[in-house]
């Protein structure tokens, strides 16, 4: 079984500032890692995913994340945020078996202020 | 890219009636579909996993007679909330997993039972 911990439930930042949303996971097997964004009353949109290979993963909207196996972390970063980045962000993990479920963290509300 | 259509986006129903929510994968075959429930300001809670042509696997604590899941084809899964009560009011999200596209989410259904 896997578990995901998002260390910050809320992250307020000013526009154009850098941001890091933290995610740690626990698993006894190899995993795939994901970050999703959810806007109010909408489904989840994939920002990026780590399956294998380079530990630095670039996603949409200028986001990137780095997989750190030794620290079991997958933190999400953006060098300069916009008001439109205000949303809920979910880190998720699945094991590498076909058809496996996603396990989600509790979410981080990113609020970008002018 | 992969698209999952979820319908309806909002539904209001009377207590005691049943509501059906559809989830369609538009441009890929979904070998597995997942149904989630999300309470306000919370993460997604997996309700059940379904594979085409077989019975759904429900998570512990989810009433399978109340939340009927049908996955009759590789592109369609339905969730029927039977004899709905106000406590069933929630945001329901489906997710489809194909061979190539990973997990793709629908846009969610806001169910309000009055």
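The requirement of being modelled with pLDDT under 95, at negative phi and under 14 Å from the mean Cα position of the chain (by Cα) is satisfied by residue A:44. Checked against the criterion of being away from every other protein chain (no Cβ under 14 Å), in contact with a strand residue (DSSP E or B) (Cβ under 7 Å, 6 or more places away or on another chain) and surrounded by 13 or more Cβ atoms within 10 Å (Cβ to Cβ), the candidates A:81, A:93 yield just one match: A:81. Are any residues in the stretch A:7-25 assigned to a strand (DSSP E or B) and either at pLDDT below 95 or over 22 Å from residue B:102 (Cα atoms) (or both), and if so, which ones? Within the stretch A:7-25, A:10, A:11, A:12, A:13, A:14, A:19, A:20, A:21 qualify. Only one of the listed residues (A:52, A:80, A:3) is under 24 Å from residue A:101 (Cα atoms) and in contact (Cβ under 8 Å) with a residue 12 or more places away in the chain. That residue is A:3.
Here residue A:83 clears all of (1) at pLDDT below 95; (2) farther than 24 Å from residue B:109 by Cβ except the condition numbered (1).
Residues that are within 14 Å of chain A (Cβ to nearest Cβ) and out of contact with any strand residue (DSSP E or B) (no Cβ under 6 Å at 6 or more places or on another chain) were ranked within the stretch B:56-110; the one that is surrounded by the most Cβ atoms within 10 Å (Cβ to Cβ) is B:98. Against the list (1) closer than 30 Å to residue B:10 by Cβ; (2) in contact with a strand residue (DSSP E or B) (Cβ under 8 Å, 6 or more places away or on another chain); (3) assigned to a loop (DSSP other than H, G, I, E, B), the condition residue A:100 fails is (1).
Considering the stretch B:1-22, the residues that are within 10 Å of chain A (Cβ to nearest Cβ) and under 11 Å from residue B:106 (Cα atoms) include one that is surrounded by the fewest Cβ atoms within 10 Å (Cβ to Cβ), namely B:9.
Among the residues of the stretch A:29-51, the ones that are surrounded by 16 or more Cβ atoms within 10 Å (Cβ to Cβ) and assigned to a loop (DSSP other than H, G, I, E, B) come to 2 in all. Residue count for the stretch A:37-66, restricted to those that are more than 13 Å from residue A:22 (Cβ to Cβ) and out of contact with any helix residue (DSSP H, G or I) (no Cβ under 9 Å at 6 or more places or on another chain): 20.
The values are calculated or read from the model by the stated rules, or taken from the named source; none is laboratory data. Keep in mind that this is a model prediction, so the values were computed, not measured. Note: ideal-geometry Cβ built from the backbone for every residue, glycine included; neighbour counts use all protein chains shown.
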